[in-house]
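Heads up: the structure comes next, in structure tokens.
The values are calculated or read from the model by the stated rules, or taken from the named source; none is laboratory data. Nothing here was measured: the structure is a model prediction, and the numbers come from that model. All Cβ positions, even for glycine, are placed from backbone atoms using ideal geometry, and neighbour counts span all protein chains on display. SASA here: full protein model, heavy atoms, side chains in, ligands and nucleic acids out. Shrake-Rupley method; radii C 1.70, N 1.55, O 1.52, S 1.80 Å.
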Amino acid sequence: MNSNCNLHRLWYCSPASEWNEALPIGNGRLGAMIFGGVREEKLQLNEDSVWYGGPRERNNGDALANLPKLREFIMEGRLREAEELANFALTGLPESQRHYLPLGDLLLRFDGQNETISDYARELDLKSGVHRVRYRTGGTMFEREMFASYPDQVILVNLTADRSGSLSFKARFDRSHWRYLEKTEKWGHDGLVMRGSAGGEGGCDFRAVLKASVEGGSCRTIGEHLIVEGADRVTLMLTAATTFRHTDPEDVCKERLNKLSVLAYGELLDRHTLDYQQLYDRTELVFPSSGEEGSGLPTDERLKRYAQGEEDNDLIALYFHYGRYLLISCSRPGSLPANLQGIWNDSFRPPWDSKYTININTQMNYWAAENCSLAECHQPLFDHIERMREPGRITAGKMYDCRGFTAHHNTDIWADTAPQDMFVPASFWPMGAAWLCLHLWEHYRFGGDRDFLDTAYETMKEAALFLLDYLIEDGQGRLVTCPSVSPENSYRLPGGETGALCAGASMDFQIIEALFRACISSTGILGRDEEFGRELASALERLPKPQIGRFGQVQEWMEDYEEPEPGHRHISQLFALYPGERFTPENTPELAAASRVTLERRLASGGGHTGWSRAWIINFWARLRDGDKALENIRALLDHSTLPNLFDNHPPFQIDGNFGGTAGVAEMLLQSHTGVVHLLPALPEAWSEGQVRGLRARGGFTLDLKWAGYRVTEVTLLSGSDGTCRIKGPGLELEEFEVEAGGRYVFTAKEESERRPAGGFITAD
Ligand code: FUC
């Protein structure tokens, strides 16, 4: 194993003793958590479409009739009555959407290996997307290589030993000790099939199929076991499918494995590596080797050291690279989007159903997709938004008598859009679709694909149409959402009544403004629908304006209400700072200053206590150009909210913080939301020198960047389209210049200009 590559490798000196120590592999659709045990290896398996139950129409048929009353209660400040009525009339029927389930486990039992174990190590090599386990026992060195191949849609386990004939083990499937399993049967002398149903009305049937290819020794199947004896080398191929995508998933799995079994392991590995590296290798962050003592230590030790206050910039780079690895592993074209746990879940009743919470969490899962050069991995989210349109139209019409499509704060495998739970602070928020649609717009802004926008615009427009109809006058000429909530916070009225249901939460009009502006820009770019654009523009003028409250903070609601929980984990009123872009230090200095106050207040009252909340805070500080604060919160993320396998810890494990943290690091190094490519906008004191390759900026640009002494020393820009570009950064200010599609532009600092902030750069080509 390569030991000096600690920027791209998680490694440990002992097997995982629990799930949060196991290491993830995945190809978007298939996932496994690998424990690396010696006498028993366990791969806890997932397939993205194994969910309990089928599609349902859950919209509450009493919503519409009660809507006027509900609005009246809210406008009159009768919150208790409003919330009671909302619980009756808006709650989905039934209350909950569907939940995600584990596929099962693959267990390998190595009975003969009872002697002392030495030289144990397990690693996740991010460079190749391969997990390895190695140990010595009885004088023999054993090695396993495991990965999930996207091109071949299989999980591979390759077992070798340095002494011939020494590989013997028994393999079987398990699914919580059979209680949730229909049946495992042998498939010839070298295969097993696990058959089951995910349960619930209309739920999917699933199959997992295993096939062994054995060199030397023997392979046979007895009952539910596959038994290998005295082999030199074994390759296990595993695949799975459900009736979500196939009428006969078993046939699909078997055909796939039969086809692949004629190929050598090396070929399958090469195909995987080629595919994986094409994505992973695009981006790299390197800090100068600072002789940090921790970097040679196993990952869990490093994490502990860092939490105790030691420096370890390489650990931050590793965390950044790992975020990209995780996105590649849980969201690939054709898969479902990354859910609350990406794809990795071992529970039959996972936290929040391991589905899609769309009042921050699913969006955060994709914050690193564009700027970290993984735009393809964004595609499953776009497919899902498309699938939400029809259910979302029904929800919009039936619950609110509105055109367009809407979704509340959750969705599931079936793209359900009706409210989730009977939990007022979260459930009755009709903004989920609108926020998701901004991801379509961002994808266009980064990549510049006009054909994509041509299609995406229709979806964005439908989300905007809903809002045009949903907005009501507040009595002062303003257009407000009602009912709504500011996710998932509550407020206190001057009379003392506390509630969450409201009219015109700040986040709502920030999202609406962003969506309407995106639609208006799109009509210009596409040259169509100008009339609709004008309609949106006039509605925009009537939206409430952001307000600054009595503490100097950005108001979360239209009134400066008292907050019963000032350290709340959601910081929705700063949507316009990030991921929105309406608040910037340059264009809205007062609102930027008020954003700072808002953050400080949240943090002073215990905010940032969940992983994703902390990750959001990193991005906020980056947008406020405060690198030291951003880094302070990266430390807090790794210290309080990161598990031994570097998974984000809500607690429990929830993957959003990994992606939010990764996006935050990128946001510290490059920003492009103001129309300028801004290099090193939030560089902390501890990062005086470094280099990053393959970050993307809006406008179709990809950048490589080196800096030293806190100043940009070299920047290479690749342009994906014809147009113009402006770049600025410490020690660098470039006037707008013309770029061509495919053009590569290099700017290097002149030796003597190192202390000069502007103009000291020459164009190399
Ligand atoms: C939102 C958050 C919770 C959690 C859940 C999945 O409701 O407020 O903290 O992340 O989603």
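Tabulated values for the structure
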quantity	calculated
Simple label model, 7 Å out from Cα along Cβ direction - residue 93 to residue 632, nm	5.2
Residue-averaged 222 nm ellipticity for the chain, from DSSP H runs of 4+ at -39500 (n - 2.57), nearest 500	-10000 deg cm²/dmol
Two-site label geometry, residue 64 and residue 582: point separation in nm, points 7 Å out along Cα→Cβ	3.1
Over segment 251-393, relative contact order from alpha-carbon pairs under 8 Å, at least 6 apart, %	22
Relative intensity, log₁₀ I(q)/I(0), of segment 583-625 from a Debye sum that treats every alpha carbon as a point, q = 0.15 Å⁻¹	-0.36
Ranked packing of 501-513, 718-730, 65-77, 200-212, most packed first, by mean Cβ within 10 Å	501-513, 200-212, 718-730, 65-77
For q = 0.12, 0.19, 0.22 Å⁻¹, Debye-computed log10 I/I(0) when each Cα of segment 255-350 counts as one equal scatterer	-0.64, -1.07, -1.13
Descending semi-axes in whole angstrom, ellipsoid equivalent of the chain, from the Cα gyration tensor	44, 34, 23
Folded to 0 to 90 degrees: helix 379-400 orientation relative to the chain principal axis, Cα	50
Violating pairs (Cα-Cα greater than 23 angstrom) within the set 183/355; 69/398; 186/355; 42/183; 545/728	183/355; 186/355; 545/728
Within-14-Å neighbourhood charge of residue 65 [Cβ basis; K, R +1; D, E -1]	0
Segment residue 528-residue 472, extension gain: residue separation times 0.36 nm, minus the distance between their alpha carbons	17.4 nm
Solvent exposure of segment 576-651 as accessible area per residue, Å², 1.4 Å probe	30
Unit charges at the beta carbon, dipole of the chain: most positive-side option, 372, 303, 729	303
Hydrodynamic radius by Kirkwood, which averages 1/r over all alpha carbon pairs of segment 489-648, in angstrom	17.1
Accessible surface of the chain, 1.4 Å probe, proportion on carbon and sulfur as whole %	47
The chain: angle of helix 79-89 to the longest principal axis, Cα-based, in degrees nearest 10	50
Segment 376-525, accessible area per residue, ligands and nucleic acids excluded (1.4 Å, Å²)	28
Peptides 468-480, 321-333 ordered by average Cβ neighbours within 10 Å, highest first	321-333, 468-480
Largest-first principal axis extents, alpha carbons of segment 335-384, Å	34, 21, 18
Over segment 422-553, relative contact order from alpha-carbon pairs under 8 Å, at least 6 apart, %	28
At R0 = 45 Å, FRET efficiency that the Cβ-Cβ distance of residue 449 and residue 247 yields, to 0.05	0.85
Share of pairwise Cα separations in segment 637-677, more than 12 Å, in percent	61
Spatial separation of Cα centroids for segment 178-253 and segment 484-561, in angstrom	52
Cβ-defined net charge surrounding residue 501, 13 Å radius [Lys, Arg +1; Asp, Glu -1]	-4
Net lengthening on full extension, residue 141/residue 559 (0.36 nm per residue, minus Cα-Cα)	143.6 nm
Extension gain (nm, one decimal) between residue 301 and residue 271, 0.36 nm per residue minus Cα-Cα	7.4 nm
Per residue solvent-accessible surface (Å²) - segment 206-297, probe of 1.4 Å	44
Kirkwood-based shape ratio for segment 67-147, expressed as Rg/Rh from alpha carbons	1.54
Charge sum, other residues only, whose C-beta stays under 15 Å from residue 628's C-beta, Lys/Arg counted +1 and Asp/Glu -1	-1
Helix 589-604 vs. the chain, principal-axis angle (Cα, 0 to 90°, nearest 10)	50
Rounded, prolate or oblate (a/c below 1.5 giving rounded, otherwise prolate when a/b exceeds b/c) for segment 94-246 by Cα gyration tensor	prolate
Overall Cα dimensions of segment 1-79, principal axis frame, Å, largest first	67, 31, 22
